[in-house]
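K.L.:
The structure that follows is given in the form of structure tokens.
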């Protein structure tokens with residue numbers, strides 16, 4: 001089997017991880033890297049024994065597939081250049097800066113039958129994979145997702161919705177679908193001029209209420225999914241790789257010497273394989289390139305997540321989103337006060 005020749009554009013901390021994983025795969029040749037920072041690019045290239053390309057176009061001429069791990073505003077230009085050269089693309093999330101750009105990339109990839117995979121890495125988190133298996137067939141009542149991080153100036157080219165929440169927008173649509181009938185959103189700017197803390201709630205037709213919280217101003221890193229289902233409460237920690245199911249039971253037992261006692265709940269700890277999500281993500285990408293098949297996280301999914309993210313950002317920024325709610329709240333309060341007076 002011929003080696004797949006791959007390159008990495010953008011070798012910051014995440015891009016270097018792509019280099020590390022690619023260099024460990026069989027039947028894969030890491031050809032080189034490209035980065036605007038020549039010093040950084042040369043250091044990473046030397047670490048992996050590959051060539052540094054000052055011009056990304058020259059790298060694209062030497063590879064079959066490429067990871068684009070750069071800032072969001074550059075995604076479209078780089079991915080477009082790659083697809084037009086017949087190079088398969090894995091582009092980090094969000095897929096592009098604008099919806100029109102994302103639509104163009106999706107259309108070009110589909111027409112050329114090239115792989116366009118979006119880096120929604122949490123799809124490959126073994127905890128999420130097991131969670132999907134656990135909730136399959138359950139009646140879901142509510143889902144709460146918290147993705148919290150300390151402030152990091154390197155992630156401020158987009159707001160917290162495109163930076164962090166977009167992961168969970170993708171997970172949500174993959175877990176429960178896209179058929180929601182109500183959406184609300186709230187947010188605050190704390191450390192930047194963009195939205196740094198956001199809360200979004202969805203109501204699904206015949207399904208659960210989903211609440212997403214994303215923050216980049218907390219002092220603790222949290223990646224937690226809580227599922228309330230009929231007969232079960234499920235905790236999935238994407239960081240610690242733990243998955244627990246809480247069930248309530250009321251059997252009574254009588255022991256020979258211990259006497260009578262009641263067991264009120266059972267906790268099931270689900271085995272989660274200790275596999276690096278990035279390794280699974282890049283392995284899937286290469287498999288799609290090799291077998292010429294569509295990715296399980298295609299450009300269309302990246303486009304949908306971006307559409308949701310943009311809608312939420314606009315809701316938060318729009319004063320029209322807040323005023324009706326405040327009016328209703330004030331009206332309800334006034335009526336409640338009037339009723340109390342009458343009583």
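Only the coordinates and a few stated rules stand behind these numbers; no lab work does. Keep in mind that this is a model prediction, so the values were computed, not measured. Positions of Cβ are backbone-derived with ideal geometry, glycine not excepted, and every protein chain shown enters the neighbour counts.
K.L.:
Under the Kirkwood approximation applied to all pairs of distinct alpha-carbon atoms, what is the hydrodynamic radius of region 4-114 in Å?
P.N.:
Numbers: mean 1/r = 0.0724 Å⁻¹.
Over region 4-114, the inverse of the mean reciprocal pair distance is 13.8 Å.
K.L.:
Moving to a separate point now. Pairing the Cα long axis of helix 277-291 with the longest principal axis of the chain, what angle in degrees results, from 0 to 90 and rounded to the nearest 10?
P.N.:
Around 50 degrees separate the two axes.
K.L.:
Output the Kirkwood hydrodynamic radius of region 52-210, Cα pairs only, in Å rounded to one decimal. All intermediate terms of the calculation are to be shown ahead of the outcome.
P.N.:
Working: mean 1/r = 0.0564 Å⁻¹.
That comes to 17.7 Å for region 52-210.
K.L.:
What is the packing order of peptides 143-149, 299-305, taking the mean over residues of other C-beta atoms within 10 Å and listing the highest first?
P.N.:
On the way: 143-149: 20.9, 299-305: 22.9.
Top of the packing list down: 299-305, 143-149.
K.L.:
Something else about it: Counting DSSP beta bridges in the chain, what percent are antiparallel, to the nearest 5? The partial results should precede the final answer.
P.N.:
Values: 44 of 72 bridges.
Bridges in the chain that DSSP calls antiparallel: roughly 60 percent.
K.L.:
Provide, in order from the shortest bin, the percent of all Cα-Cα pairs of region 59-128 in each 5 Å bin, continuing until the bin that contains the maximum pair distance.
P.N.:
3, 18, 29, 24, 14, 7, 3, 0
K.L.:
With equal scatterers on the alpha carbons only and no solvent term, can you work out the Debye log10 of I(q)/I(0) for the chain at 0.09, 0.13 1/Å?
P.N.:
Results for the chain at q = 0.09, 0.13 Å⁻¹ read -0.57, -1.05.
K.L.:
When every alpha-carbon pair in region 177-253 is counted, what percent end up more than 13 Å apart? Intermediate results must be reported in sequence, preceding the final value.
P.N.:
On the way: 2229 of 2926 pairs.
Taking all Cα-Cα pairs of region 177-253, the fraction more than 13 Å apart is 76 percent.
K.L.:
Another question about this same structure. Top mean-square fluctuation among 229, 65, 82, Gaussian network model of the chain, C-alpha springs under 10 Å?
P.N.:
Taking springs between Cα atoms under 10 Å, the residue moving most is 229.
K.L.:
Let me ask something else. Quick check: Cα centre of region 12-29 to Cα centre of region 195-254, how many Å?
P.N.:
33
K.L.:
Rounded to two decimals, what ratio of Rg to Rh does region 184-227 give with C-alpha atoms and a Kirkwood Rh?
P.N.:
Values: Rg = 12.6 Å, Rh = 11.9 Å.
On the Cα set of region 184-227, Rg over Rh gives 1.05.
K.L.:
Averaging sequence separations of C-alpha pairs under 8 Å and six or more residues apart, then dividing by the length of the chain, give the relative contact order as a whole percent. Each step should come with its number before you reach the end.
P.N.:
Values: 645 pairs, mean separation 56.8, N = 343.
Relative CO of the chain lands at 17 percent.
K.L.:
Between helix 99-112 and the chain, what is the angle of the helix's C-alpha long axis to the longest principal axis, kept within 0 to 90° and rounded to the nearest 10?
P.N.:
With rounding to tens, the tilt is 60 degrees.
K.L.:
Still on this structure: Once both axes come from the Cα atoms, what is the angle between helix 126-135 and the longest principal axis of the chain, in degrees from 0 to 90, rounded to 10?
P.N.:
40
K.L.:
A further question follows. Remind me, relative contact order of region 4-114 in percent, using alpha carbon pairs under 8 angstrom and six or more residues apart?
P.N.:
Details: 196 pairs, mean separation 27.8, N = 111.
It rounds to 25 percent for region 4-114.
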